[in-house]
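What follows is a short report on a single structure.
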Amino acid sequence: MKIAVVNYNAPEAVRVRKIMLKRLATAGFTYDQQHPDLVISIGGDGTLLSAFHMYEQVLDKVRFVGIHTGHLGFYTDWRNFELEDLIHSLQKDQGQAVSYPLLNITQRFSDGSTSQYVALNESTIQQKTRTMVCDVYLNNRLFEGFRGDGLCVSTPTGSTAYNKSVGGAVMDPTITGFQAAEMASINNRVFRSLGAPIILGKETKLTVRLHDDSDCIMTCDRQTLHWNRNEKHLADITYRVDDRRISFAKYRHTNFWDRVHESFIGDVQ
Ligand code: NAD
């Protein structure tokens, strides 16, 4: 098995990387950053998001493993003191995996060009200085007029991240779908949006048509999406379930709802 290692640039993650590389070599694994079968991320959820985007072109070929250098995260099943257990699991590997849906984002510009992105957590669209005004279409039919701070469109596994902070529902990742949550909507007689998060299936695409894109900021996970507004304006953005999925090596992949319970609820009396 060929293994790549991606780490957060902090002393503890660098230390764990060094030990991991040594142990992988003595256990007979091939270190290959270019064409890995397995990507080990060392750091937090943010590091795993970065590792995901480094290998987003080869998602059908790689599986991911997350080692957390702090508390357990949402995409990290291993702690920094469990490296020997992980090496043993790698030695017994039989290709077992658990996979989750991803979000496809297509920007269409006024000059007819398009850009595509894939998100593991979410994509947001916001207008910070003025209210964002847009029309929202479901499968090309006008659904609502939205006016507010913006929209957060998330994957099922991303539903516990930004989506949850803006009042979105936590979504079981065995559902192949995505979710759109409003960010501070202004509801009046002119702009009437649902005022509730919507969960959409794989047959539905959601399109956002901004009335003015001049101050708009779009994100895809931890990246900001840039384009030259002097040359082209955003005609619309379409979100749908991506054809690809992310796969994690399933040696000890924690149950999603146990993870939600541990992270947000803790001990119940
Ligand atoms: P980061 O890597 O420091 O992550 C920020 C926090 O989000 C961390 O505590 C991390 O564990 C948690 N997180 C990441 N993915 C998660 C998931 N799927 N479920 C639950 N928690 C998760 O920060 P960053 O690199 O700047 O951004 C990464 C993510 O941070 C974004 O994808 C977004 O979801 C989130 N974010 C949240 C808010 C908010 O809640 N107000 C604002 C901006 C970004």
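Decide, for segment 58-145, between rounded, prolate and oblate: order the square roots of the alpha carbon gyration tensor eigenvalues as a ≥ b ≥ c, take rounded if a/c falls under 1.5, and otherwise choose prolate if a/b is larger than b/c, else oblate.
Taking the square roots of the gyration eigenvalues as a ≥ b ≥ c, segment 58-145 is prolate.
Under unit Cβ charges (Lys, Arg +1; Asp, Glu -1), what dipole magnitude, rounded to 20 debye, does the chain have relative to its Cα centre?
Using Cβ point charges on Lys, Arg, Asp and Glu, the chain gives about 200 debye.
Mind checking which of 81, 239, 225 is farthest towards the positive end of the chain's charge dipole, using Cβ charges of +1 (Lys, Arg) and -1 (Asp, Glu) about the Cα centre?
225
When N counts the residues of segment 102-244, how does its alpha-carbon radius of gyration compare numerically with 2.2 N^0.38 Å, as a ratio?
Cα-based Rg divided by the globular estimate yields 0.96.
Chymotrypsin sites (Phe, Trp or Tyr not before Pro), restricted to segment 75-159: which are DSSP loop and have at most 10 other Cβ atoms within 10 Å?
81
Alpha carbon centre of segment 186-249 versus segment 96-171: separation in Å?
Each part reduced to its Cα centre gives a spacing of 4 Å.
Is there a pair in 92/202; 164/232; 128/205; 92/250 whose C-alpha atoms are over 23 Å apart, and which pairs would that be?
Over 23 Å apart, Cα to Cα: 92/202; 164/232; 128/205.
Roll a 1.4 angstrom probe over the protein heavy atoms and tell me the percent of accessible area of the chain that is carbon or sulfur.
The C+S portion of the solvent-accessible surface of the chain is 48 percent.
Can you pull the percent of Cα pairs in segment 161-254 with separation above 16 Å?
The answer is 71 percent, as a whole percent.
In units of 2.2 N^0.38 Å, what is the alpha-carbon radius of gyration of segment 146-213?
Compactness ratio reported: 1.13.
From Cα coordinates alone, what are the radius of gyration and Dmax values for segment 116-182 in angstrom?
In Å, with Rg to one decimal and Dmax whole: 12.4, 38.
Past 21 Å, Cα to Cα: identify those pairs from 22/61; 2/61; 2/22, in the order given.
22/61, as the Cα separations exceed 21 Å there.
May I ask for the percentage of alpha-carbon pairs in the chain that lie more than 34 Å from each other?
In whole percent, the share of Cα-Cα pairs in the chain beyond 34 Å is 25.
Please calculate how many Å² of accessible area segment 82-135 carries per residue, with a 1.4 Å probe and no DNA, RNA or ligand atoms counted.
42
The values are calculated or read from the model by the stated rules, or taken from the named source; none is laboratory data. Predicted model only: the values in this text are computed from it and were never measured. No Cβ is skipped: glycine too gets one built from the backbone with ideal geometry, and neighbour counts run over all protein chains shown. Accessible surface areas use protein heavy atoms only, side chains included; no ligands, DNA or RNA. Shrake-Rupley method; radii C 1.70, N 1.55, O 1.52, S 1.80 Å.
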